[in-house]
Amino acid sequence: MTMTMTSIMLVDDEVPFVETMTKRLAKRGFSVVGAFSGYEAMEKLESDRMIDVVILDVKMPGMDGINALKEIKGKFPLVEVIMLTGHATVESAIDGMKLGAFDYLMKPCDMAQLLSKIQEAKDKKIAHEEKIREAKIKELSSKFD
């Protein structure tokens, strides 16, 4: 199996945060796509099916992080989502976990911790994809028995 570059989408209405984190993650070898709203994130996910992990701010105007999470998990169930939250929105992040978020981190987040969570999320996605492949192979092979 060939190792592919991890593709990340950063979703946050704070433009400087997205720009800074994009640079920091790209320097570490990640492919990074930025989105500045939940709506923009959904549009980009529709057009770029290679996103592995979404790093999603909870508190955004318009479609907030919780609603964006519901949309992402509804349309792209294999994409893992890491929620970012400030102190005032910890309850929202916990609600996000109940809705299928991989994990949540407090803002500002420690880079080493973020990198670790991204790797764990990517590993989980790969494991799910492998189980789906195995199930499809099993299903196909049973048709020939």
Charge dipole (the chain, unit charges on Cβ, about Cα centre) - positive-most of L10, L84, Q119: Q119
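Taking 8 Å as the Cα distance limit and 6 or more residues as the minimum spacing, I'd like the relative contact order of the chain as a percentage.
Relative CO of the chain lands at 19 percent.
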Around F30 (Cβ within 12 Å, Cβ-to-Cβ, excluding F30; K/R +1, D/E -1) the net charge comes to +4
Quick one: dipole size for the chain, taken about the Cα centre, charges +1 on Lys/Arg Cβ and -1 on Asp/Glu Cβ, in debye to the nearest 20. 420
Given Cβ charges of +1 for Lys and Arg and -1 for Asp and Glu, the option among A35, G100, M50 whose Cα lies farthest towards the positive end of the dipole of the range 9-110 is M50
Local electrostatic count at S92 - Lys and Arg +1, Asp and Glu -1, tallied over other residues with Cβ under 10 Å: -2
Less than 14 Å Cβ to Cβ from D123, Lys/Arg counted +1 and Asp/Glu -1: what total charge do the surrounding residues give? -1
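All of the numbers you see were taken from the coordinates with simple rules; none came from a lab. The structure presented is a predicted model; accordingly, all values stated were derived computationally and were not measured. Backbone-built Cβ (ideal geometry, glycine too); neighbour counts: all protein chains shown.
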